[in-house]
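Heads up, the thing below is written out as structure tokens.
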């Protein structure tokens, strides 16, 4: 009974803290978060205008771009019930939090006593990266929850000996594929391990997943090919290590310690791994294959980010929980650590430094370090802030026509503007100006320019010739107004004559 109370209390704590965080944060979504918000808006509008016909329109019209549509459909459904706001889109993650808590507990129940299984469930839900992801309109929390759900149903098939659970696993695997295309990396090796004795049921599950996903993936093949090329280019720009290199292997280990767990929980994971290794228990083979398959699959991507490996964290939490099995004193200390770490990365502790670096990582466009802790993720995710980034103000000023955007500042970027254009239903066409092209620049009705170009390290800085051209031709570009952004940069809005 205690473990059920613990799970319920953990969910209520996480849900309430997220509600408070989201209520206190007024910043717009940016980059990938805004991109997924735009996809959700298009799905919402498709169902509003076409009803059930939207199921065909989503793949045919590529409404969610390079990404499968399940997450965007969940957000659209939340909007249909609770209203079309950024806060509601973020709160849709509460469903994924519940799924992750319950499924990791379910998997842990096959490996541990109930209390230790509950500890594994709490660990993954309180990892810093998962806390950051849980408050953003981003796919990675949902794909983590779907991977955990798929592994749980896979274990319930008992090596695909159960036809009923094999069918359920096929359905869940299909939904996982419709969440993100990296889903198979984390599930394929455990599934093959279980399929070695009952291939017929395993093939049935695979057929169900294939039929469920083909309607989106077949039309999306050309888009996915283009996406993987962009992914490679982005990785090169950011200085990420090459595929299957030693640097790539170290990257996700460093990300695990420095950005996903922090040092105390990383040490607990190492201790748990030693204990699991000494047991030589066959029940741990699927968990080990989950880690191995996911890690190897991610090495195929040139572009690297700690959130890409988030679906490994339930397996990491299960292994870590082994270090707390039947150790009540350690368990009490763990609960205190989890609550303190939650507050640190969610609301910040001013008395502490922003981060404590144990060892510098490789230098690049983004530098990933070994950290004792960090209160924010590159200043992008962390404590809430009441800030006005002026996007709605600009769009209400422009109202119609063609808007050129030069800067790529987080929260003042092209994806954020496109999201608000569609959210507000304005007939504004956005033109991202990344390179100097005089006819293209002059073809706009308005142009936005940043005076100091304080772009984030991961952004694509504009061609400086663009700024010089616009600021040097007052006969063409007249300053309509200027205003400061919360990051200290100053924005000029030009009316094109």
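All of the numbers you see were taken from the coordinates with simple rules; none came from a lab. Fair warning: this is a prediction, and the values are worked out from it, not measured in the lab. As a convention, Cβ positions derive from the backbone with ideal geometry for all residues, glycine included, and neighbour counts pool all protein chains shown.
Can you sort 215, 340 by how many other beta carbons sit within 10 Å, fewest first? Write out the running numbers ahead of the final one.
On the way: 215 15, 340 10.
Lowest count first: 340, 215.
Summary value for the chain: 16 percent relative contact order, contacts being C-alpha pairs under 8 angstrom separated by 6+ residues.
State, as an integer percentage, the relative contact order of the stretch 270-349 based on alpha-carbon contacts under 8 Å between residues 6 or more apart. It would help to have the intermediate numbers written out before the result.
Numbers: 34 pairs, mean separation 30.3, N = 80.
Normalised by residue count, the contact order of the stretch 270-349 is 38 percent.
Short-range pairs are left out: with C-alpha atoms under 8 Å and at least six residues apart, the relative contact order of the stretch 391-496 is 30 percent. Extending 7 Å from Cα along the Cβ direction at residue 292 and again at residue 402 yields two label points whose distance is 5.6 nm. The separation of the stretch 304-359 from the stretch 1-27, counted between C-alpha centres, amounts to 16 Å.
Between residue 171 and residue 356, residue separation times 0.36 nm minus the direct Cα-Cα distance comes to 62.2 nm. Quick one: go through the stretch 85-112 and flag any residue whose amide nitrogen is under 20 Å from the point 7 Å out along the Cα-to-Cβ line of residue 24. Flagged as within label range: 86-94.
Short to long, the 10 Å bins of the Cα pair-distance histogram for the stretch 275-318 hold 25, 49, 21, 5 percent of all pairs.
Please report the orientation-averaged projected area of the stretch 391-496, defined via the convex hull of its C-alpha atoms, in nm². Provide the component values of the computation, followed by the final result.
Working: hull surface 23.7 nm².
With the hull built on Cα positions only, its mean projection is 5.9 nm².
Extents of the chain, largest first, come to 77, 55, 44 Å (Cα atoms, principal axes, whole angstrom).
Please find the FRET efficiency linking residue 482 to residue 87, where r is the Cβ-Cβ separation and R0 is fixed at 22 Å, and quote it to the nearest 0.05.
It comes out at approximately 0.15.
Extension gain for residue 378 to residue 197 (0.36 nm times residue separation, less C-alpha to C-alpha distance): 60.4 nm. Across the stretch 311-335, the residues whose backbone nitrogen lies under 16 Å from the label position 7 Å along the beta-carbon direction of residue 113 are 321-332.
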